[in-house]
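Everything on this sheet refers to the single structure shown next.
The values are calculated or read from the model by the stated rules, or taken from the named source; none is laboratory data. Predicted model only: the values in this text are computed from it and were never measured. Heads up, the Cβs are rebuilt from the backbone with ideal geometry, glycines too, and the neighbour counts pull from every protein chain shown.
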Amino acid sequence: MLWDYSSLWKETVNQIKGEISEQEFVMWFGNLQYDGAAEGTINLAVPSSFYKDQIVQRYKAKIERKLAELQGSRLLLNFQIKSPPRAQTVRRERDSLTPGPQTHPQLKHEYTFDDFVIGENNTFAANASIAIARNPGKAYNPCLIYGGVGLGKTHLIQAIGNASPADFTVDKIVYVTAETFTNEFINSIQDGTAHLFKKKYRSVSLLLIDDIHFLQGKTQTQEELFYTFEALYNSSRQMVFTCDRPVSELKELTDRLRSRFERGLSVDLQPPNYETRIAILKKKIENMVVSIRDDVIDLIARNVTTNVRDLEAALTKLAAYADLVDKDISLDIAKKQLRDFFAAPSQKNITIDIIQRVVSDYFSLSYADLRGKKRTKAIALPRQLAMYLAREMTEYSTTEVGYEFGGRDHTTVMYACQKIEDRIKTDSTLEPIIRNLKRNIREYRISS
Ligand code: ADP
Ligand code: MG
């Protein structure tokens, strides 16, 4: 006897969709696939064990309840991990349709979903990307992936291209950085080939544009992208963009293009936590010839906390040492070799002055007021934030920090830090602000 609960499953998901937020739905149901049934049991395919644990914890009871309600009897759920198709498989099918280059000329074949470690820092972005690759133009259009440097934006956007459906032939997928897009556009105007440029971009099935923050201030390119966007959007062609910050924080972007970027789904990438850093390191080591001891992996994961690119760099350095000098790297040698990485070089030159400049700029306050004695409400929170950041990001004592803020007492600084820490717990809008401020502070250059 064949059991088919597929329409029951469809209805269940449909109803749940109406009960939870879109964001949650994309994240947890976008990649949950009906995968056959047996008597009284529904098989569901999920992309990873992390995903499985999460969905079981969060939704199993809810799904079972809903199924029972619709079916009138209890059904069991059986979750199975089935990772999304390897880019290679997709590519092979595509090659048989279109003889020619083995892989897409603009996509790195190693940027696959298989090699992308999913942790709590990137689940939403990764799952949305997988859903888009499965159903381009239907699921979430456009999709914007944003986050700081080295957190996997390029990897994810290219993985979408690599895993797109087999009938998306090489010429139907375009991956470019916003910089290349801009240069190509300018060149096409100079060469009198703008019509070809327009034709190329308006006839793709999947447009992937990396690092759109580069478009800031480039009005004519923005206009061209706007028309490309409209053409693709109106014919349900998938677009994915990446950006180093939320679109709302881009400066010098025309309102109409901004509103287009914001139209679909925005997902962010955060720095990985300790467990995810370990998982990423282990995954990278799988692909290397040398082996690295667990205590050394732990050392790296504890000390390199910034982003995945830095994790990779630390690992590459050790791998080179292991290859050239000594196969079995001890903890002491690893510490010596990685000294530069652990000094967190990006944090070295941060001063209280830089923090004050960035914070006052961010809140459009005067630098002098932020440092000064004024006690208006508009200044109170930014000033507390600046004090908090000074304590977090520099080695200065509370006394020294107080001195730089109009000669305030160290207890004022302690109070400010406490206030901010309390507020982070209750006010969810504060955390992204702090994250952005930290980024601006790290990237601050004297010339700016
Ligand atoms: P970004 O474009 O955000 O600056 P990249 O996509 O270039 O970052 O990522 C930097 C490096 O880190 C790449 O080699 C990428 O493969 C790797 N990486 C980033 N995130 C992950 C992840 N979650 N799992 C595995 N590798 C990752
Ligand atoms: Mg990138």
Only one of Tyr233, Tyr227, Tyr175 is within 16 Å of ligand 1 (Cβ to nearest atom) and of a type outside the set (A, V, I, L, M, F, W, C). Can you tell me which? Tyr175
Pairs, first away from ligand 2 (no atom under 14 Å from the Cβ) in the range 297-312, second in a helix (DSSP H, G or I) and among the β-branched types (Val, Ile, Thr), C-beta under 8 Å, six or more apart: Ile297/Ile278; Ile297/Ile285; Asp298/Ile278; Ala301/Ile278; Leu311/Ile280; Leu311/Ile300
If you take the residues of the range 146-168 that are over 30 Å from Asn436 (Cβ atoms) and in contact with a helix residue (DSSP H, G or I) (Cβ under 6 Å, 6 or more places away or on another chain), which of them is nearest to ligand 2 (Cβ to nearest atom)? Asn162
Helices (runs of 4 or more DSSP H) completely within the range 164-271 that count 1 or more residues being under 17 Å from Gly137 (Cα atoms) and either in contact (Cβ under 8 Å) with a residue 12 or more places away in the chain or aromatic (Phe, Trp, Tyr) (or both): 194-202, 219-234, 255-261
Among (1) closer than 29 Å to Lys282 by Cα; (2) at pLDDT 90 or above; (3) of a type in the set (A, V, I, L, M), the one test that Ile63 misses: (1)
Those residues of the range 324-383 that are of a type in the set (A, V, I, L, M) and over 30 Å from the mean Cα position of the chain (by Cα) come to a total of 11
Exclusive hit being assigned to a loop (DSSP other than H, G, I, E, B) and under 21 Å from Glu431 (Cα atoms), set Leu381, Leu365, Leu370, Leu385: Leu365
What about Asn234, is it closer than 29 Å to Arg134 by Cα and surrounded by fewer than 14 Cβ atoms within 10 Å (Cβ to Cβ)? yes
Could you please find all residues in the range 136-145 being hydrophobic (A, V, I, L, M, F, W, C) and more than 16 Å from ligand 2 (Cβ to nearest atom)? Ala139
Within the range 112-171, residues within 13 Å of ligand 1 (Cβ to nearest atom) and among the aromatic types (Phe, Trp, Tyr) come out as Phe113, Phe116, Phe124, Tyr146
